[in-house]
Ligand SMILES: NC(=O)c1ccc[n+]([C@@H]2O[C@H](COP(=O)([O-])OP(=O)(O)OC[C@H]3O[C@@H](n4cnc5c(N)ncnc54)[C@H](O)[C@@H]3O)[C@@H](O)[C@H]2O)c1
């Protein structure tokens, strides 16, 4: 780690109050960046702000609400004078077998993971157009590998990857790079139900060649690489960070569906 890799840079991180987003924000500040953390969790943002100090500014916003996204992203420009880097991480999922799935659960999940990334990219890129920048969108292994009961999440995350390629194509002329990171199993509150229930956890770990879940920091590192100058010729690509999981496929979760 370099203490100055991102010195002079301003970043926004969505989903910054927890898990992967918090790890990205923490590492960015450690490497010299100023960070605006966007999340719906006021308590989580306040906790991170008390740890990271003046280099971190919390901005409460729901990434599915355009006016809130516009205002929160604008905070980076107001407080730090511009925007160079963006990490669109916020996510959650509701699911169930397709034949029983409620329309509201489909809408919640696809809106959050897919429309949220669109709205954030739109407003981040508007600020980056003047001087260029880099955007990293967090998708999932599930963009490539289906999951029993996970159709809205799988669909939404595949959309994030496709959208990011389209954004890379459109935004290259403004000097903005857009890439996607696809994590496998990461030990965060999002998957507490998997990590805390041994039969389920064992099903997952049996399929992962590196035989363990990632830490949030192990996802933050590849995300920061894609935003760094070391990746200055990398755009429109996807980086799987899954311990090799895509090679072996998903466990059969239908046995847990009852
Ligand atoms: N944990 C995993 O195994 C895993 C695997 C693949 C992909 N991912 C993806 O990584 C991203 C981060 O997940 P995580 O594991 O760190 O989860 P997490 O639950 O620890 O953090 C997600 C954060 O997003 C915030 N959030 C949720 N809805 C929001 C909204 N509408 N507006 C703003 N913020 C909102 C939450 O408050 C939370 O702070 C998600 O997009 C998730 O789908 C996670």
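Laboratory data are not the source of any read-out in this text; all were calculated from the coordinates shown. All of these numbers come straight from a predicted model, not from anything done at the bench. We place every Cβ from the backbone using ideal geometry, glycine too, and count neighbours over all the protein chains shown.
Between 12, 160, 241, the Gaussian network model of the chain with springs among Cα atoms under 10 angstrom shows the greatest mean-square fluctuation at 241. Of the three principal axes defined by the Cα atoms of region 215-258, the extents in descending order read 49, 21, 15 Å.
How many percent of the alpha carbon pairs in the chain exceed a separation of 31 Å? I get 20 percent for the Cα pairs in the chain exceeding 31 Å.
Short-range pairs are left out: with C-alpha atoms under 8 Å and at least six residues apart, the relative contact order of the chain is 18 percent. With Cα atoms defining each centre, region 29-47 and region 1-15 are spaced 12 Å apart in the structure. For residue 232 and residue 170, the difference between the fully extended length at 0.36 nm per residue and the C-alpha to C-alpha distance is 20.7 nm. Adding -39500 (n - 2.57) for every DSSP H run of four residues or longer, then dividing by how many residues the chain holds, sets the calculated 222 nm ellipticity at -12500 deg cm²/dmol. How many percent of the alpha carbon pairs in region 135-203 exceed a separation of 21 Å? Value for region 135-203: 36 percent of Cα pairs lie more than 21 Å apart. Label-to-label distance for residue 51 and residue 98 is 4.0 nm, based on points extended 7 Å past Cα in the beta-carbon direction. Region 26-135 has equivalent-ellipsoid semi-axes of 28, 17, 11 Å, by the square roots of 5 times the alpha carbon gyration tensor eigenvalues, sorted largest first.
Of all the Cα-Cα pairs you can form in region 184-233, what percent are over 12 Å apart? Counting pairs separated by more than 12 Å, the tail of P(r) holds 67 percent. For region 18-77, the alpha carbon convex hull comes to 70 Å³ per residue, rounded to a whole number. Set the Cα radius of gyration of region 61-122 against 2.2 N^0.38 Å, with N its number of residues, and you get 1.37. What translational diffusion coefficient, in µm²/s and rounded to a whole number, does the Stokes-Einstein relation yield for region 86-218 at 37 °C and a viscosity of 0.692 mPa s, taking the hydrodynamic radius as the Kirkwood radius over Cα pairs? The calculation lands on 207 µm²/s. Separation of region 180-258 and region 53-114 by C-alpha centroid, Å? Measuring centre to centre over Cα atoms gives 20 Å.
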